[in-house]
Amino acid sequence: MTQIISIQNIANYVGEEVMIQGWLYASTGKGKLQFLQVRDGTGIVQAVLFKPNLPEALFDAAKHLPQESALIIRGTVKQNERAPGVPSGYEIDTASLQVVHVSEEYPITPKEHGVEFLLENRHLWIRSRKQWALLRIRATVMRALREWLDKHGFLEMTTPILTPAAGEGTSTLFEVDYFGDKIYLAQTGQLYNEANIYAFGKVYCFGPTFRAEKSKTRRHMTEFWMLEPEIAFCDLDGLMEIEEQLISYVVERCLDERANELQILERDISLLQKIVSPFPRISYDEAVERINKIREETTDVELKKLLEVTWGQDFGSPHESELTKQFDCPIFVYGFPSAAKAFYMEPWPNRPEICKSVDMLAPEGYGEIIGGSERISDLNLLLKRIHEEKLPEEAFKWYLDLRRYGSVVHSGFGLGVERTVAWIAGIHHVRETTPFPRTLGRVYP
Ligand code: 4AD
Ligand code: MG
């Protein structure tokens, strides 16, 4: 029996007869030759059909096969420098062809389609080369994140999606009717991980999170995946070291394993090769100064307006964007005003108006991909913050308990998968970095 192979491993089978199971991506021909581009989910290969080698009726049928028809091809793997495909340089000298399903006329053609049309057909769009490359990079990013954490002594914990309390502000909560009670979809797993560290030391959760974001930007989704490590006996400096090592590792894995995919996306990898830790650390105060300097120096009136900033406000996308353009690596911005950040963040010693928070901003204008902080470990201080933010103390009873029994300095962060993938892959909008995006305007398909 001929072996069924994955196209991604084709280099190992030169000279051998193999079988490929897949779908027709494109087809061209001339005279006695027909070239079928076949994709199997792991790659794309050119199957060469030579008329004298096949039954005449089959050759003629193959010439008119619609795109996306399902095929099983048997043939010999040949090296050919000029053969397109992923990986390139290989083709199949076809001995037999079985048509498993003749596709109906496929709606996504090589011509340009509008993005709304493509999103409406997302269940089909994911088969396209660029989308395929992007989602393979996403899988590598997710695996590399886990790999690094697992290697460094973190334990994966799951945290609930149905939650009785707000973790990240009350303005972006999705309400759920829980048998008559009002509860929410999780905005974060952090608070539960703060409980988990007291049982396991270093933990992370990794799953979908939900925010009723009314903002229609290129960085906001209503459902996104977040990786959230949490570490006992770790301060803000320790946290930044973990973040920069983790991100450098993920970029390195993508460069190693996803070179073909990055090339399909026309990503300038020289920019990714510059991502090595340590990353620059800039205080919020300095960041405000830098933004003001950019404002003074620009002649672009619109940008001047967008970059308006007063001390105390959180940064928006234009601020982050301009700031990151000054650096090759991601940067840390730490010490944000407490009023602009979440209730659980540890105040700065002797400067309670700022807190031990840190955001990581990705270069090339991508902006925030990670938000994190040292957490308040003192019971009374945490109670005070909960009251100041007018949060319901009752819902946080268990969270306050963590400050009663062996409370220690601890820190953690949340990394947004879609924003991280968008940056590494060099894609403009986060919606394409997930198979089935959920945004303000779309929950179909
Ligand atoms: O900065 P955020 O809101 O931090 C937290 O939720 C913390 N509880 C995390 C923690 O410390 N454990 O969100 C973290 C990251 C952001 O930096 C961003 O990458 C991503 O999650 N993110 C979003 N991504 C896509 N769409 C949205 N609406 C997002 N909101 C946050
Ligand atoms: Mg944030």
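The values are calculated or read from the model by the stated rules, or taken from the named source; none is laboratory data. Predicted, not measured: the structure shown is a model, and the values here were computed from it. Ideal geometry is used to build each Cβ from the backbone, glycine not excepted, and the neighbour counts take in all protein chains shown.
Here are a few things to note about the model shown:
- Just one of the listed residues (173, 149) is under 23 Å from residue 371 (Cβ atoms) and either surrounded by fewer than 18 Cβ atoms within 10 Å (Cβ to Cβ) or within 17 Å of the chain's Cα centre (by Cα) (or both), and it is 149.
- Number of the condition not met by residue 444 [criteria: (1) assigned to a loop (DSSP other than H, G, I, E, B); (2) within 23 Å of residue 195 (Cα to Cα)]: (2)
- Any hit, segment 55-73, residues being buried (at least 17 other Cβ atoms within 10 Å of the Cβ) and part of a helix (DSSP H, G or I): yes
- For residue 295, the conditions (1) in contact with a Leu (Cβ under 8 Å, 6 or more places away or on another chain); (2) within 17 Å of residue 152 (Cβ to Cβ); (3) of a type in the set (Lys, Arg) are fulfilled apart from (2).
- Yes/no for residue 219 being outside any strand (DSSP E or B), within 16 Å of ligand 2 (Cβ to nearest atom) and in the same structural domain as residue 254 (by TED's automatic domain parsing): yes
- Failed item in (1) surrounded by fewer than 16 Cβ atoms within 10 Å (Cβ to Cβ); (2) within 22 Å of residue 263 (Cα to Cα), with residue 86 passing the rest: (1)
- Residue within segment 100-111 that is aliphatic (A, V, I, L, M) and over 27 Å from the mean Cα position of the chain (by Cα) present: yes
- Qualifying residues in segment 332-343 (those that are surrounded by 22 or more Cβ atoms within 10 Å (Cβ to Cβ) and out of contact with any helix residue (DSSP H, G or I) (no Cβ under 6 Å at 6 or more places or on another chain)) - the one nearest to residue 412 (Cα to Cα): 334
- Qualifying residues in segment 149-172 (those that are more than 11 Å from residue 204 (Cα to Cα), outside any strand (DSSP E or B) and away from ligand 2 (no atom under 16 Å from the Cβ)) - the one modelled with the lowest pLDDT: 165
- Options 116, 104, 68, 56: the member that is among the acidic types (Asp, Glu) and in contact (Cβ under 8 Å) with a residue 40 or more places away in the chain: 68
- Taking every residue in segment 165-181 that is in contact (Cβ under 8 Å) with a residue 24 or more places away in the chain and farther than 15 Å from residue 222 by Cα and pairing it with any residue that is among the β-branched types (Val, Ile, Thr) and within 11 Å of ligand 1 (Cβ to nearest atom), at least 6 positions away or on another chain, the pairs with Cβ-Cβ distances below 7 Å are 167/188.
- Identity of the residue in segment 89-99, crowded, with 17+ Cβ neighbours inside 10 Å and more than 18 Å from residue 30 (Cα to Cα), that ends up nearest to the chain's Cα centre (by Cα): 90
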